[in-house]
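A.B. asks: Just dropping this structure here.
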């Protein structure tokens with residue numbers, strides 16, 4: 001099972017990087033929106 005997971009991770013490395021960048025961008029937007037004045 002671990003071998004299957006590592007194989008899948010190697011095959012979809014580009015997709016994983018894109019997904020991680022997308023998550024980081026969403027987190028930046030979330031924290032930015034939470035720090036806007038007047039929304040509390």
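Quick note: the coordinates plus some simple rules give every number you see, no bench work behind them. Quantities reported herein were computed from a predicted structural model and do not represent experimental measurements.
A.B. asks: Could you tell me how many degrees, from 0 to 90 and to the nearest 10, lie between the Cα long axis of helix 2-11 and the main elongation axis, the longest principal axis, of the Cα atoms of the chain?
C.D. replies: Relative to the chain, helix 2-11 is tipped by roughly 70 degrees.
A.B. asks: Grab the DSSP H runs of the chain that are 4 residues or longer, score each as -39,500 (n - 2.57), total them, divide by all residues and round the 222 nm result to the nearest 500 deg cm²/dmol. Working shown, then result.
C.D. replies: Values: 2 runs with 32 residues, N = 40.
It comes out at -26500 deg cm²/dmol, rounded to the nearest 500.
A.B. asks: Using alpha carbons only, how many degrees (0 to 90, rounded to 10) separate the axis of helix 13-34 from the longest principal axis of the chain?
C.D. replies: 10 degrees
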